[in-house]
Structures are given as C-alpha cells and as structure tokens.
Amino acid sequence: MLLAGSAMAASVQDVAERYRRLVLAIGQHDSNYVDAYYGPPELENEAVRAKQTLASIRGDVEVAMADIAQHKAANVDEALRIEFLSKQLRAMLARVDMLEGKKFSFDEETALLYDAITPHHDRAYYMGLVAQVDKLVPGTGPLPERLKAFRAKFAIPKNRLKLVFDASIAACRARTAAFVTLPEGESFVMEFVSDKPWSAYNWYKGNAHSLIQINTELPIYIESAVEFGCHEGYPGHHVYNALLEQELVKGRNWIEFSVYPLYSPMSLIAEGSANYGIEVAFTDDERLAFEQEVLYPLAGIEPTLAPQYARLMKLISKLGYADNDAAQQYLAGTLTREQTLEWLVNVALYPPEKAPQRLSFYDANGGYVINYNLGKDMVKAWVEKQVTNTDPVAARKQRWEAFKALLASPRLASALR
Ligand SMILES: [Zn+2]
C-alpha cells in the first residue's frame, strides 16, 4: 500500500509541476495573469523562450485536468490539494477561452474563474441604503456633492502620506503578530506610484518579502490607511502569501503555490481574507480609537470628526455589492460608460474622481470585483462559524486561529460553504 500511496503522491506532484509551468505559459499571453512567482527562475525563462500557443496550452490543461480527476485523496489535506488543482485548472481553461475571444456572462465568468457567483440587486435596493447615508451627511443639495465636500476634509495631504501609512502598517503588523507567528525575517517595502487602474497593490516576491505600492494619483482618504495596511500587508496579502510559502511550498513541497494566477479561485480567498482581515485586526471601537488618536493627528485632520466619519464609512461599505452590479451591467452592455459612471457616483457612492479608475478596473479585470465583497462575506462566515466561545478574549483568539488556518491552506470558495 505504501508503494501505491507514494506513486499517487508523485503523480499529484507531477500535475502540480505541469500546472505551475502552464500558469507561466499563459503569462506570456496575458501580462496581468501571473500575480506572483517565486519558483525556479529557469521555468520562467523557459516559458518566455517556448512561448507556447494558446491552443497547445489548452491541450495540456485538458490532460492535466483528466489526470487530476483520476486521483482519490488519501486524507483531508490531499483532498483539498486535489480540489485546489482541479479548480485552478478549470479556471485556467476558462481564461484560455477568454484570451481566445470567448465571451462568458458575468456569472459564468465568476463561477469558472473564482468558484463563486455573487447575488445581484437592483437600483432600488441600493437606493434604500443610499437614503440612510443621506441622513448622515451634513448640508443640503444632491447627496454626491455633499458627500464630496464632506469627504474632502478627510483627504490625507500628500506630504503626510508616508507618515500616516508607516504608522498604520506598523499597527496592523503588531496586531497580527500578537496572534499569528509570522515567518522569520518577513519584510516589505512600500512605494508611492501613479497611473494605475488600482489604488493599492501587493506584489509578493517570495522569501516572505512583498512590495506594497500605493497609488497617489487620486486623493487618499483617511480610512484607507487602516484598510490598505491590513489589506495589502497584515494580515492581508503579504501574510497570506508568506504563510502559503512557509506552510505549503517550503513545508510540504506543494510547488503549485509558488505561482499565483490572478484570474483564479485563489483570488477570492486572497481578496476576501484581505478585506475581512481589517475587522479581524481591529474591532470597530479599536479602529476608531486608533484613527482618532494616532492617524488623524498625523494627517492633520480634525480628530473630533472621526466618530461621525466612521459611522458614515460603515454604512457606505454596505453598498459594496453595487460595485458588482455596476461591473456586470457595464460588461454586459446594459449600461453605457456614462451610465456606469453615474451608477458608481449615485448608487455605489464612489468619490466622483475615482469612478473612471473603477471603469478601467472593470475593463482590465472583468468579474474580479466580486472577490472583494462576496469573498469577504464568505471568508467571514466560514471563520465566524468556528468561533464558539462567548468570552470576547477567547473568541478573538479562536477567530485568529481559524483565520490563520484558512490563510495557510489550499481551501477555495466551494470549501467555505
Ligand atoms: Zn487586494
């Protein structure tokens, strides 16, 4: 039996190696596809040299899918690994279809690429929430204009961005390190950039190191300091990637985790955990106290406004799914470009200056937007189900343990249900 077991393990390992090479091969056709790779550099050079055609990639993906479907898992861990490879390969095939010009509906695309389908809501649903926001924003006249004027008080002056972000990331890291043993020597560098279709990005480099870029082209509001610090850094993308590397790549030689294809089910876990990580690291009260006492003074923003702004932002965050519906309608052609911008400003309550950037994001990334809000809700539900203790201190410890277990595992969306 030992022989059969090890022969089977070698075969899963073989599929894993082919999978890793195929991700790099698709990267030659889609420059956004390989979000991180820290395996042997020769494989990357080989992918560049070979420049495998999409048709040939498709054939190899199909063979790998058939191979992995043959395997019966020997234990829970191996079952998750096999499921991970099957789902990632299925997404890969869909991405090849898309690169060859095939059009999927929004929901078909997200089911194939991210292993999940978002609920949809109509304008009237969101306008009910917008009416509640309206009551919290001072002044008279149309809400988007009042909101814009109010938000302007919370923009971080450019010359204070570094100060504010350094303080915020340090706090996110300390709060995470109190519950998660971070890989030894883990580190990041932060850079301020412009002219990107996103507001912040974590580029994972391997060996527990990340490059965190913050896009300063548009105003950055004070809530972003904690959000980006947690989301891109601790306990978000940087920690997720560092734990996958430590536990799976180095710990088990599961080489498939040394590459991260952006348009794949991994992204729902990555974005969902990065967004949920904000509330794992800070309760609402802790976050408010930290922002009011530390970040507002560093940014030169009036601290007495903090509670009102926090309430407003909390309510606006309930409009998160309006982003999915904007993308879905825009990509389906149900809304024109102008109508989508209108929806983003009046329904999703996006800062007007940020709405065009969001359209560029939809153009570049299609259904990816669901990973932020649906991903967060799915990760949150899965983690909270495991918090059984009613004592707040013990419950917090349980929450972190479940959260850490998810970050260091190959679990994808369907395994969260
Ligand atoms: Zn992210």
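The values are calculated or read from the model by the stated rules, or taken from the named source; none is laboratory data. Predicted model, so just to flag it, every value in this text is computed and none were measured. Glycine gets a Cβ as well: all are built from the backbone with ideal geometry, and neighbour counts include every protein chain shown.
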Across region 169-210, which residue is farthest from the ligand (Cβ to nearest atom) among those that are free of Cβ contacts under 8 Å to residues at least 24 places away in the same chain and surrounded by 15 or more Cβ atoms within 10 Å (Cβ to Cβ)?
His209
Glu217 versus (1) surrounded by fewer than 22 Cβ atoms within 10 Å (Cβ to Cβ); (2) modelled with pLDDT of 95 or more: which is the lone unmet condition?
(2)
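Conditions tested, residue by residue: (1) within 20 Å of Glu279 (Cα to Cα); (2) in contact (Cβ under 8 Å) with a residue 12 or more places away in the chain.
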{"residue": "Lys314", "(1), (2)": "yes, yes"}
{"residue": "Ser317", "(1), (2)": "yes, no"}
{"residue": "Leu331", "(1), (2)": "no, yes"}
{"residue": "Leu344", "(1), (2)": "no, yes"}
{"residue": "Pro356", "(1), (2)": "no, yes"}
{"residue": "Asn373", "(1), (2)": "yes, yes"}
{"residue": "Thr388", "(1), (2)": "yes, no"}
Tell me which of these Gln213 doesn't satisfy, since it passes every other one: (1) within 16 Å of the ligand (Cβ to nearest atom); (2) without any contact (Cβ under 8 Å) to a residue 60 or more places away in the chain; (3) over 23 Å from Arg358 (Cα atoms).
(3)
With Phe106, Phe154, Phe165 as the choices, which residue is surrounded by 13 or more Cβ atoms within 10 Å (Cβ to Cβ) and within 30 Å of Glu401 (Cα to Cα)?
Phe165
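Each row is one residue, and each column tells you yes or no for (1) surrounded by 16 or more Cβ atoms within 10 Å (Cβ to Cβ); (2) at pLDDT 95 or above; (3) in contact with a Leu (Cβ under 8 Å, 6 or more places away or on another chain).
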position: Gln308; (1), (2), (3): no, yes, yes
position: Arg311; (1), (2), (3): no, yes, yes
position: Asp325; (1), (2), (3): yes, yes, no
position: Leu335; (1), (2), (3): yes, yes, no
position: Glu338; (1), (2), (3): no, yes, no
Kindly establish whether Ser258 is surrounded by 14 or more Cβ atoms within 10 Å (Cβ to Cβ), modelled with pLDDT of 95 or more and more than 16 Å from the ligand (Cβ to nearest atom).
yes
Being of a type in the set (A, V, I, L, M) and away from the ligand (no atom under 12 Å from the Cβ): is that true of Ala242 here?
yes
Kindly evaluate Leu319 against the criterion of being closer than 28 Å to Phe150 by Cα, among the aliphatic types (A, V, I, L, M) and touching a Lys or Arg at 6+ places or on another chain (Cβ under 7 Å).
no
Being crowded, with 20+ Cβ neighbours inside 10 Å and of a type in the set (D, E, K, R) is the filter here, so list the residues in region 360-379 that pass it.
Lys376
Residues being surrounded by fewer than 16 Cβ atoms within 10 Å (Cβ to Cβ) and either among the small types (Gly, Ala, Ser) or over 28 Å from the mean Cα position of the chain (by Cα) (or both) - total across region 275-304
7
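For (1) in a helix (DSSP H, G or I); (2) hydrophobic (A, V, I, L, M, F, W, C), each residue gets a yes or a no:
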residue	(1), (2)
Gly375	yes, no
Asn389	no, no
Ala402	yes, yes
Ser414	yes, no
Selection from region 235-260 of residues that are under 23 Å from Tyr33 (Cβ atoms) and among the small types (Gly, Ala, Ser)
Gly236, Ala242, Ser258
Expected output for region 271-286 (first residue over 17 Å from Asp115 (Cβ atoms), partner of a type in the set (Phe, Trp, Tyr) and more than 10 Å from the ligand (Cβ to nearest atom), Cβ below 7 Å, 6+ apart or cross-chain) is Val280/Trp400; Val280/Phe403; Phe282/Phe290
Among the residues of region 390-415, how many are in contact (Cβ under 8 Å) with a residue 40 or more places away in the chain and of a type in the set (A, V, I, L, M)?
6
Selected residue [within 16 Å of the ligand (Cβ to nearest atom), closer than 28 Å to Ser168 by Cβ, of a type in the set (D, E, K, R) and touching a His at 6+ places or on another chain (Cβ under 7 Å)] from Glu223, Glu227, Glu232, Glu271:
Glu232
